[in-house]
Structures are given as structure tokens and as C-alpha cells.
Amino acid sequence: MADDFRVGPVLPAEDIARAKAFYIEKLGLTVAFENEGGILLNAPGNTQLFIYPFGKPTAQNTVAAFQVGDVEAAVGKLRGKGVTFEEYDLPGLKTVNGIVDIDGMKGAFFKDSEGNILSLTQM
């Protein structure tokens, strides 16, 4: 069955126009399809992300991860576009300048325009 499908995040948006602008302007995604039910966005690596009008997101966890080759470079690029990165100091997860390094796996966390928590990961 795994050969028959791809997996992609489906995220709620309180303001679909604002969310669309965030994903296009900040993350550089492109629109694949759009109608009143939501927007399918093309992401790197032949992946897609769907956002739909729903209301304020309620998840308190990471809902989508973007794999990158260099977290520091990606964080710098997104900061240049106005993206703010979260700082955490939790057992097993402490960020320094927005980046966590756990045994060589690096990550950074940020929120989209709607409050969905996203991450960058480098393995």
C-alpha cells in the first residue's frame, strides 16, 4: 500500500488568506490547487501541504516538519523574512538561539500565521 500514496500535513487556518500569504511569502511554497475548501501547496521534495479554513488551531505540538540540509542557514533565511523561532528549555529539549541539537540531529521550531507549530529538521 505504501507505494500507492504520499503523506502530507493537513493544517487548519483561522484566516485562509493570511495563511496562504505566510506559506507563499515566508516559506516559498507554491499553490497546486485552491478552492473554497482549502489550498493545496507544493513543497520541496515532491511533497504537499493542505491548509483549510477551520478556526483557531488548538494543537500544542509540532504539526509539520520541513527537512533541510542546514538548519542554521534555513533559520537565518527565514529570520530574514520575519519568521520568529521559538525558544524551549524543557527536559531533553533546550534550544540555543532557536536551534536544538540532540545527538547530531538539529531542529528549530516556529509558528505559522495561524499558530500551527512547524519545525525545521536536519538529520
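A short reminder: the numbers here are calculations on the coordinates, not readings from a lab. On a predicted model such as this, the values are computed, not experimentally measured, just so you know. A quick note on method: Cβ atoms are made from the backbone with ideal geometry, for glycine too, and the neighbour counts reach across all protein chains shown.
Remarks
- Summed side-chain charge close to Ala19 - residues other than Ala19 whose Cβ falls under 9 Å, Lys, Arg +1, Asp, Glu -1: -2
- Ellipticity at 222 nm from helices only: DSSP H runs of n ≥ 4 in the chain, each -39500 (n - 2.57), divided by the residue count, give -3500 deg cm²/dmol.
- For Arg79, net neighbour charge (Lys/Arg +1, Asp/Glu -1) across residues whose Cβ lies under 12 Å away: +2
- For region 1-110, trypsin sites (Lys or Arg not before Pro) are listed when DSSP marks them as loop and at most 15 other Cβ atoms sit within 10 Å of their Cβ; the list is Arg6, Lys81.
- Each Lys or Arg adds one and each Asp or Glu takes one away; over the other residues whose Cβ falls under 12 Å from the Cβ of Gly55, this sums to -2.
- Pairs of Cα atoms nearer than 8 Å and 6+ residues apart set the relative contact order; for region 58-123 it is 42 percent.
- For a straight C-alpha distance cut-off of 18 angstrom, the lysines reachable from Lys81 (same-chain residues fewer than eight places away being disregarded) are Lys20, Lys26, Lys111.
- Neighbour-limited loop hits for GluC sites (Glu not before Pro), region 14-52 (at most 15 other Cβ within 10 Å; DSSP other than H, G, I, E, B): Glu14, Glu36
- Our summary gives region 1-113 a relative contact order of 23 percent, counting only alpha carbon pairs under 8 angstrom and 6 or more residues apart.
- Estimated from the Cβ-Cβ distance and a Förster radius of 35 angstrom, the FRET efficiency linking Ile24 and Asp3 is about 0.70.
- Cα long-axis angle, helix 71-80 against the chain (0 to 90 degrees, to the nearest 10): 60 degrees
- Whole-Å distance, taken between Cα centres, linking region 1-45 and region 59-74: 15 Å
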